Each structure stands twice: as structure tokens, then as C-alpha cells.
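K.L.:
Have a look at this one before I ask anything.
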Amino acid sequence: MIPASAALGRLIEGNRRFASGFRSRGSLASPERRDALVAGQEPFAIILGCSDSRVPAEIVFDQGLGDLFVIRVAGNVVAASQVGSVEFAAARYGTRLVVVLGHSQCGAILATLEELQQARENRSRNLRSIVDRVRPSVETLLATDLRHDPEALVRQAVRANIRVSANHLRHGSEILEQLIQSDGLVVVGAEYSLETGVVEFFDGMPDAA
């Protein structure tokens, strides 16, 4: 089992390589690595990220087959299935780091802000379920001066949504709460910049990181 702090260090170093344009050869999927994983897996980090095609976790963290347990959903929102997936990986594989990975200019955030400012008719019930999960984390921002600064509003909304999702994982599951309290599980929030390729970890960071 890799401690959360060591796992976080591996992600930070991997992202540094990616953002600099120097991916490691070890991150490539070799036949030998594929064969070695047939018998089982030991992912060192769980990533709950957005489904956006520009933010594939294995690539932006420069990791390979078997390294990351990745859950992707538009807006990196947390519903029962996402909580269950995190519980499964943490309990089954002993993975002790969970990262909620959002990103700049998130389409789900933009759609939610548009909905709050001007409701749309005939929106799919399924799409609305995503908007409704993002809504509580961003609607209070519209009551501040940020409503006059669209770019700043989106930036703050992205981070607010990441914090809400991370807190949901920390406090919305008895299994995860127990692992946090007694077994070293750490849940952190991070934002990937589409512009620079850099991931900034900003929420729930362990003191030693």
C-alpha cells in the first residue's frame, strides 16, 4: 500500500513531466505490463474526474496501465455510483489517495451558470440531473459581485464545485469516513488548466505535501 503523501508526490511529478512535454517511457502500455496486470491491479490513486476529452487522467499525470483507478463523469459530480466506485477501489485495493479533478472552462459549470441565469426549456432530464448536482456549489456566487465578471465567475465556480465534490466524498460515506479517520485515506481537490497543462492541488492537502 502506497501512503497518500507518496501517491500525491507521484502525481505531482507525473504532471510536471506532462506539462513540460517530457513523458516517461514507463507510462507507455507495453505487452509485458499488460500481461503482468492480468492477475490483478494495485492502483496507487483514485481519480474522480470530468469526462471532458481534453483531461484524460492517465495522460495528464503521465501514468500507465494499472496505475490509476479512474472514474469520469461530466462536471466531476458525485452521485451514489461515483461514491460506490471510490469505496470499491479504496476498500478492495487499499488505495489511499482520492483526487477530485476538475478543470478550467468546464462545460458542465458553464451549462449550470447559463441555466441559473436563463433557464432553458426542454432540457434532457438526464442532463438536468448533472446541472442540479452542480447548482448548489455555484448559485451562491451569482449573489456576489462575481456576476459582473464572467471569467472570474467561471474560475470560482469550477473550484467551488471541486470542493463540494471532495467534501461529499469525505462526509457522504461511512466507509470512506472510517478509512479517513483510521487508515490514512486522503481526499484532495485539484484543477487542471487547459491552457498550461498544469494540475494545481488546492483543497484538503495533507500537511506533509
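The values are calculated or read from the model by the stated rules, or taken from the named source; none is laboratory data. None of the values given here were measured: they were computed from a predicted structure. So basically every Cβ, Gly included, is an ideal-geometry build from the backbone, and we count neighbours across all protein chains shown.
K.L.:
Out of the stretch 190-209, which residues are part of a strand (DSSP E or B) and of a type in the set (A, V, I, L, M)?
P.N.:
Correct list: Ala190, Val199.
K.L.:
One residue is enough: does the stretch 93-104 have a residue meeting the conditions closer than 25 Å to Phe18 by Cα, out of contact with any strand residue (DSSP E or B) (no Cβ under 6 Å at 6 or more places or on another chain) and either modelled with pLDDT of 95 or more or among the acidic types (Asp, Glu) (or both)?
P.N.:
Checking the stretch 93-104: at least one residue is closer than 25 Å to Phe18 by Cα, out of contact with any strand residue (DSSP E or B) (no Cβ under 6 Å at 6 or more places or on another chain) and either modelled with pLDDT of 95 or more or among the acidic types (Asp, Glu) (or both).
K.L.:
Something else: For Tyr93, all conditions in the list (1) under 30 Å from Ser182 (Cβ atoms); (2) within 17 Å of the chain's Cα centre (by Cα) hold save one; what is the number of the exception?
P.N.:
That leaves (2) as the condition not met.
K.L.:
Which members of the stretch 1-59 meet the condition of being more than 21 Å from Ala190 (Cα to Cα), of a type outside the set (Asp, Glu) and in a loop (DSSP other than H, G, I, E, B)? It would help to see each step written out before you state the result.
P.N.:
Step one: list which residues in the stretch 1-59 are more than 21 Å from Ala190 (Cα to Cα), which gives 1, 22, 24-42.
From the residues that got through so far, the ones that are of a type outside the set (Asp, Glu) too are 1, 22, 24-31, 33-34, 36-41.
Met1, Phe22, Ser24, Leu28, Ala29, Ser30, Leu37, Val38, Ala39, Gly40, Gln41 - these are the residues of the stretch 1-59 that are more than 21 Å from Ala190 (Cα to Cα), of a type outside the set (Asp, Glu) and in a loop (DSSP other than H, G, I, E, B).
K.L.:
Is it the case that some residue within the stretch 68-89 is more than 18 Å from the chain's Cα centre (by Cα), on the phi > 0 side of the Ramachandran plot and not aromatic (Phe, Trp, Tyr)?
P.N.:
no
Yes/no per residue for (1) without any contact (Cβ under 8 Å) to a residue 40 or more places away in the chain; (2) surrounded by fewer than 15 Cβ atoms within 10 Å (Cβ to Cβ):
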position: Leu116; (1), (2): yes, no
position: Leu127; (1), (2): yes, yes
position: Arg133; (1), (2): no, no
position: His168; (1), (2): no, no
position: Ser173; (1), (2): no, no
position: Leu176; (1), (2): no, no
position: Leu179; (1), (2): no, no
position: Leu185; (1), (2): no, no
position: Val188; (1), (2): no, no
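K.L.:
Return the total of residues in the stretch 16-70 being β-branched (Val, Ile, Thr), surrounded by 16 or more Cβ atoms within 10 Å (Cβ to Cβ) and without any contact (Cβ under 8 Å) to a residue 40 or more places away in the chain.
P.N.:
Qualifying residue count, the stretch 16-70: 1.
K.L.:
With respect to Ser173, determine if the residue is closer than 25 Å to Ser85 by Cβ and within 13 Å of the chain's Cα centre (by Cα).
P.N.:
no
K.L.:
Please determine, by comparing only the residues of the stretch 135-175 that are in contact with a Ser or Thr (Cβ under 9 Å, 6 or more places away or on another chain) and among the polar types (S, T, N, Q), which one is nearest to Ala108 (Cα to Cα).
P.N.:
Out of the qualifying residues, it is Asn161.
K.L.:
Looking only at the stretch 73-92, count every residue that is buried (at least 22 other Cβ atoms within 10 Å of the Cβ), among the small types (Gly, Ala, Ser) and either out of contact with any strand residue (DSSP E or B) (no Cβ under 7 Å at 6 or more places or on another chain) or under 25 Å from Gly197 (Cβ atoms) (or both) and tell me the total.
P.N.:
So the answer is 1.
A quick yes/no check of all residues on (1) in contact with a strand residue (DSSP E or B) (Cβ under 6 Å, 6 or more places away or on another chain); (2) within 28 Å of Asp62 (Cβ to Cβ); (3) at pLDDT 90 or above:
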| position | (1), (2), (3) |
| --- | --- |
| Glu139 | no, no, no |
| Ala152 | no, no, yes |
| Ile175 | no, no, yes |
| Gly184 | no, yes, yes |
| Gly189 | yes, yes, yes |
